[in-house]
Amino acid sequence: MHQDLTVDVAVVGAGITGVTAAYLLKQAGLRVAVLESRRIGNGETKRSTAHLTAVLDLRFRKLRSRFGRDGAKLAIEGHRAAIDQIESLVRALNVDCGFSRVNGYLAAETAQEIEALEDEAAVARELGLTPALVEAVPLPLRIRRALELEGQAQLNPRVYLDALADRVDGDGSQIFETTHVKDIEDGEPCRVVTDRGVVKARAVLVASGVPVSNQVFIHLKLAAYRTYAIAAKLPAPAPAGLVWDMKDPYHYVRGQVVDGVPYLIVGGEDHKVGEHDDTTEPFARLEAYAAERLGVTVAPTDHRWAGQIIEPADGLPYVGQNALSKHLFVATGYSGNGITGGTWAAMVLADQIRGLDNRWSKLLDATRIKPLAAVGAVAAENVDYPKHLIRDRLVPLGHRREMDAIAAGEGAVLSVDGVKLAVYRNGEGQLSALSPICPHLGCFVHWNSAEKSWDCPCHGSRFDAHGRVLNGPAVDPLQRREIPKEPEKAKS
Ligand SMILES: Cc1cc2nc3c(=O)[nH]c(=O)nc-3n(C[C@H](O)[C@H](O)[C@H](O)COP(=O)(O)OP(=O)(O)OC[C@H]3O[C@@H](n4cnc5c(N)ncnc54)[C@H](O)[C@@H]3O)c2cc1C
Ligand code: FES
């Protein structure tokens, strides 16, 4: 984008939510500009392991107790409608992304888990699903019982997203990559200020993972988690099926063939952003799980990656008009079900933005603080914000001499002659420093050694080693700082 622009709808973020919404809005005859800081899908969507399912991270019993029988049925129906939407786009656009319908299995291994599983199966039946209880899963995983649901799906999210994105450009619509949104003003028109110019639009859809439009309110209802995945080469394709266990943190497994090479994908080991000292451990635990439970050895050349999951306080996404805004819409909080959740949100928002009724609008209302059962969860998650804001300032930090101990490619938050600094040593051994204060709401960032990033434990903003934003809600980088010169030693 080299100049200011006027469109019907500006979309912030080219992940599954933004690209799907842009596609649907364009199909409805609107002109859309999608503004993406990085490249299409390079947020979380292209990191996804893409289990497409109505077996949500929120268990059926909790779903029903929080949203009532009708609300729970609507939520399941929404995820199924999202899978159907994806399938119909794959077919209509002839996308070669390996979309296939497969069975999903929630697997129990202990007596307690079996009891919980049987209860889940009973609630699932009440909600209109037809699960079976089986003694084995198709993958070589030893389990005791599993809840089997037919008609779930899987795909390669990279290929799917790129194919959809290709159809957005043209006829007055366009995706602008490397275009960072710095500010969004509600109005008639709305103004979206980017580092490449201003976009004016009748409506703005903020599909940036966590919304970058809303500084405080919505973040009180969200918690950011890091999640981990490995893909190990297999001698032959794994049998079809999606499997999740019932542990906390949980694990999930499926096969995927990429460019003719069969892989086993194992994921999970989630933890809150910025709260884990050794971020290489989750990978080691996934590798141990693959070896012990599936007999698969992960080679050093196999793939390992991590990403961000946004947990909503009550278990369902927040989708719709932003609080106190007329023309700003948000979509966030998909848990680990964001490929379906993002597609569902896009379907809802494409209707709302056009002023049409949508059957899921009320259920997903982004401003809700309900049901009451979730209020406790909201408070519990957000105790973390004041806790980190205060506690991280009181924790004694390492001093100047500990800079010497920082290895190449590592970082640490230190107090250097009374100045708190986020210090990083690059591959050539040179040190540089940033302010450790997160520009969102002022918490201290922590070093993430596995991903070489500065992570904020409060609302999940992440920055690369040089302070550039990787994940919002922050939109500004960490400030550069000078390392104070070492005072001359007193002469003896
Ligand atoms: C390892 C892993 C495994 C997963 N497995 C599954 C699974 O099996 N099934 C499932 O359904 N979901 C899964 N998910 C979740 C799912 O991938 C995500 O929830 C989903 O992709 C989120 O989509 P999104 O469009 O909201 O966000 P993103 O894909 O993150 O897109 C948001 C975009 O906004 C951009 N952006 C942010 N700030 C700005 C700004 N200021 N200006 C401009 N652009 C900005 C970002 O660069 C990004 O590209 C998984 C996620 C991970 C990480
Ligand atoms: S993400 Fe909110 S203070 Fe850092």
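Using θ = phi - 60° in the Karplus curve 6.51 cos²θ - 1.76 cosθ + 1.60, the 3J(HN,Hα) couplings for the range 154-169 round to 8, 7, 8, x, 5, 5, 4, 5, 4, 5, 5, 4, 4, 7, 7, 5 Hz; x is entered for Gly and Pro. For the chain, taking a cut-off of 4.7 Å between Cβ atoms, the unpaired cysteines are CYS97, CYS190.
The longest part of the chain holding none of the exposed loop GluC sites (Glu not before Pro), meaning those outside H, G, I, E and B in DSSP with at most 16 other Cβ atoms within 10 Å, is 276-427. Spread over its residues, the convex hull of the C-alpha atoms of the range 185-233 is 145 Å³ per residue. Separation of the alpha carbons by more than 24 angstrom is noted, of LYS46/LYS200; LYS73/LYS362; LYS200/LYS362, for LYS46/LYS200; LYS200/LYS362. Taking label positions 7 Å along the Cα-Cβ direction at both ALA111 and LEU220, the computed distance is 4.5 nm, reported to one decimal.
Counted by Cβ distance under 15 Å from GLU185, the other residues give a net charge of +1, where Lys and Arg count +1 and Asp and Glu count -1. Straight-distance candidates among the aspartates and glutamates for linking to LYS182, with alpha-carbon spacing under 16 Å and chain neighbours fewer than 8 residues away dropped: ASP4, GLU36, ASP195, ASP476.
Relative contact order of the chain, please, whole-number percent, based on alpha carbon pairs below 8 angstrom and at least 6 residues apart. Relative contact order comes out at 16 percent. When Rg and the Kirkwood radius Rh are both evaluated on Cα atoms of the chain, their ratio Rg/Rh stands at 0.98. Once every Cα of the range 142-195 carries one equal point scatterer and solvent is ignored, give the base-10 log of I(q)/I(0) from the Debye formula at q = 0.15, 0.22 Å⁻¹, two decimals. For the requested q values the scattering log ratios are -0.73, -1.02. Please report how far the C-alpha centroid of the range 1-51 lies from that of the range 257-308, rounded to the nearest whole angstrom. Their Cα centres are 29 Å away from one another.
The apolar share of the surface of the chain, taken as the fraction of accessible area on carbon and sulfur atoms (1.4 Å probe, ligands and nucleic acids excluded), comes to 50 percent.
Couplings 3J(HN,Hα) for the range 354-363, derived from phi with the Karplus relation 6.51 cos²θ - 1.76 cosθ + 1.60 (θ = phi - 60°), are 8, x, 9, 5, 9, 5, 9, 4, 5, 4 Hz, where x marks Gly and Pro. The solvent-accessible area of ARG354, taken with every protein chain present and a 1.4 Å probe, is close to 100 Å².
Shown are ASP476, ASP259, whose ranking by accessible area with a 1.4 Å probe and every protein chain present, most to least, is ASP259, ASP476.
In terms of Cα atoms, the Rg and Dmax of the range 256-325 work out to 17.0, 53 Å. Can you give the Rg to Rh ratio of the range 444-484, both from alpha-carbon atoms, with Rh computed by the Kirkwood formula? My calculation of the ratio gives 0.96. Summing charges over all other residues whose Cβ lies under 14 Å from the Cβ of ASP245, with Lys and Arg as +1 and Asp and Glu as -1, gives 0.
The values are calculated or read from the model by the stated rules, or taken from the named source; none is laboratory data. Quantities reported herein were computed from a predicted structural model and do not represent experimental measurements. We place every Cβ from the backbone using ideal geometry, glycine too, and count neighbours over all the protein chains shown. Note: areas computed on protein heavy atoms with side chains; ligands, DNA, RNA excluded. Shrake-Rupley method; radii C 1.70, N 1.55, O 1.52, S 1.80 Å.
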